[in-house]
1. Within the range 8-20, is there a residue that is within 13 Å of the ligand (Cβ to nearest atom) and either open to solvent by 10 Å² or more (accessible area, probe 1.4 Å) or out of contact with any helix residue (DSSP H, G or I) (no Cβ under 8 Å at 6 or more places or on another chain) (or both)?
2. Among residues belonging to the range 276-289 that are open to solvent by 50 Å² or more (accessible area, probe 1.4 Å) and in a strand (DSSP E or B), point out the one that is farthest from residue 218 (Cα to Cα).
3. If residue 292 satisfies every condition in (1) under 27 Å from residue 35 (Cα atoms); (2) loosely packed, with under 14 Cβ neighbours inside 10 Å; (3) touching a strand residue (DSSP E or B) at 6+ places or on another chain (Cβ under 7 Å); (4) not charged (D, E, K, R) but one, which is the exception?
4. Looking at 102, 33, can you tell me which residue is surrounded by 14 or more Cβ atoms within 10 Å (Cβ to Cβ) and modelled with pLDDT under 95?
5. Hey, can you tell me all the residues within the range 21-30 that are near the ligand (Cβ under 9 Å from one of its atoms) and open to solvent by less than 10 Å² (accessible area, probe 1.4 Å)?
6. Within the range 179-200, track down each residue that is among the basic types (Lys, Arg) and either touching a residue at least 40 places away in the same chain (Cβ under 8 Å) or open to solvent by 80 Å² or more (accessible area, probe 1.4 Å) (or both).
7. Surrounded by 16 or more Cβ atoms within 10 Å (Cβ to Cβ) and part of a loop (DSSP other than H, G, I, E, B): which single residue out of 253, 273 fits that description?
8. Among what's in the range 40-60 and is more than 14 Å from the chain's Cα centre (by Cα) and either of a type in the set (Asp, Glu) or part of a helix (DSSP H, G or I) (or both), pick the residue that is farthest from the ligand (Cβ to nearest atom).
Amino acid sequence: MKIIKTKKGVQKEIARLRRQGRSIGFVPTMGYFHEGHLSLMRQSVRENDVTVVSLFVNPTQFGPKEDLARYPRDLGRDSRMAREVGVDILFVPSIEEMYPEFEGTRDKGQGTGKACAFGRVPCPMSRVTVKVGPIGDVLCGASRPGHFDGVATVVVKLLNIVTPDVMYLGEKDAQQVVVLKKVVKDMDLPVRIRTCPIFREPDGLAMSSRNVYLSPTEREEAVVLSRALREAASRIRSGERDGQRIISEIKKLILEGAHASIDYVSVVDAVGLSPVRRISGNVLIALAARFGKTRLIDNITVKVHGQ
Ligand code: AMP
């Protein structure tokens, strides 16, 4: 496995592989790998000649008060894990490599430490960004304004650098999948998107790099999220069709089972993310809750046939 730190380095390597007619799968990540990340990499390794993984904790998708500075990082461990599953190229750019226009503006007016370069703080330099529109303002976007613009911008940049045939995304970040599918479609980007199911701990908690923040009690209580979602899905399968009742039931289960504060619980149409009153078709039940300082997300998709 090659670890490459520059865009030029990746582009040179990709050009060489393309001359050999190789197909390329791509997995964008922020690192601190767990089995969820590895499942995406394995899928790509199975389906492509070459797998490229990017590891970049993208500052522009973090808000000023979010966890950019303390986001877990361990390149040594991550590169061992990626190598073991058969990744060919690990692209690990620096902030300056991805956003050269920010060079010298690190910490401008922030004083928040080295790792917190600029977040979504306005920068004196102008730069071109992707705006995803209203689809980025609902669910997670409502409490993380600008987050999906940051995600879309960095993913478009990465796609232009890596030029993969297929990009692999996890259903854990359901809204991210919807947003990036729309970006690819609306911008006519020549890449296919493959999604992979949520990888869970044995007790049901969705794997996340952020789970390491949880205290032992919070970790135990966090299982309530997946339990509440499963319970809701089973109610729908047994005939419940009232979206609001499902939301109330989930909120009740979470608050009974954990010292958590709920960011949102929503029942939405799985394609356009618009709220669903009367459940029919393909619905996404998505939620975010805070356990102490840690914000966790989870979701489940339920297919309802007929009315
Ligand atoms: P991240 O490093 O958190 O940005 O995640 C990188 C990719 O891994 C995204 O496409 C995520 O949706 C995916 N991912 C993260 N956690 C999981 C999980 N538990 N199961 C499946 N995919 C995941």
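The values are calculated or read from the model by the stated rules, or taken from the named source; none is laboratory data. Small disclaimer: the values here were computed from a predicted structure and weren't measured. Positions of Cβ are generated from backbone atoms using ideal geometry, with glycine treated the same way; all protein chains shown enter the neighbour counts. Note: areas computed on protein heavy atoms with side chains; ligands, DNA, RNA excluded. Shrake-Rupley method; radii C 1.70, N 1.55, O 1.52, S 1.80 Å.
1. Within the range 8-20, none of the residues are within 13 Å of the ligand (Cβ to nearest atom) and either open to solvent by 10 Å² or more (accessible area, probe 1.4 Å) or out of contact with any helix residue (DSSP H, G or I) (no Cβ under 8 Å at 6 or more places or on another chain) (or both).
2. 278
3. (3)
4. Going through 102, 33 in turn, just one is surrounded by 14 or more Cβ atoms within 10 Å (Cβ to Cβ) and modelled with pLDDT under 95: 102.
5. Correct list: 27 only.
6. Matches in the range 179-200: 181, 182, 185, 192, 194.
7. The unique qualifying residue is 273.
8. 49
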